Ligand SMILES: [Zn+2]
Ligand SMILES: [Zn+2]
């Protein structure tokens, strides 16, 4: 019998004796009014939870739990000839989603951009026989262990044609994945919360906490943007359905310059 549970707020798996979900108790997230609640797959199923799957571009699919079973992310499934990558992970999995993802070729590798996106990663890994890649710097946030987990700390090809690296920022190990075949071969950056699209077209931002709006320093934003813009991509997908459809590399560069100029006081006369 399964003994694991997940946090009702962030959807991250937990089979330890934690009173509080350490991810939600951290200043980057939040505990809901009323405090910590845990839930199970069976409870989610009884609430009618399901995974909606949609094609975002050829060989790229968005997976979203409805009602929300995680932080609210849209996980991304990248199809490749060498197997599929599940990037950021829904907090839920059922037989319908399993069948639909099997039809898309299953899952060979799982990687969350950072701990907020761990979701039900071990459950997905066991269902599909996939490896879960965990950033060594963020290892302590894993709350359900299994032999499927492997750590990494240097840029590497998580699957042929998909390069993972860690600009950091939002978390010390915050990652991005470069899918070179994406955007008709112009390159796609899966940016997680490391770089987030904003409502204004062609702009992104960088934050320590998105819900609590805690910024990063000028030096860190410069470093994160420098690492990302060294990669060859034209389109960017964050983990909440934010997209910069073209010229995304330039958008990251220009947005970092704007961010740095504001937090450095260059525009203080305008405030
Ligand atoms: Zn949580
Ligand atoms: Zn996050």
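Residue count for region 227-244, restricted to those that are in contact (Cβ under 8 Å) with a residue 40 or more places away in the chain and surrounded by fewer than 15 Cβ atoms within 10 Å (Cβ to Cβ): 2.
Can you confirm whether residue 70 is within 16 Å of ligand 1 (Cβ to nearest atom), out of contact with any strand residue (DSSP E or B) (no Cβ under 7 Å at 6 or more places or on another chain) and in contact (Cβ under 8 Å) with a residue 24 or more places away in the chain? Step through it out loud before you land on a result.
Numbers: within 16 Å of ligand 1 (Cβ to nearest atom): yes; out of contact with any strand residue (DSSP E or B) (no Cβ under 7 Å at 6 or more places or on another chain): yes; in contact (Cβ under 8 Å) with a residue 24 or more places away in the chain: yes.
Criteria met by residue 70.
Looking across region 65-75, the residues that are assigned to a strand (DSSP E or B) and surrounded by fewer than 24 Cβ atoms within 10 Å (Cβ to Cβ) come down to 66, 74. The condition (being modelled with pLDDT of 95 or more, in contact with a helix residue (DSSP H, G or I) (Cβ under 8 Å, 6 or more places away or on another chain), on the phi < 0 side of the Ramachandran plot and surrounded by fewer than 18 Cβ atoms within 10 Å (Cβ to Cβ)) is satisfied by just one residue among 92, 30: 30.
The values are calculated or read from the model by the stated rules, or taken from the named source; none is laboratory data. All figures in this text were calculated on a predicted structure; none of them were measured in a lab. All Cβ positions, even for glycine, are placed from backbone atoms using ideal geometry, and neighbour counts span all protein chains on display.
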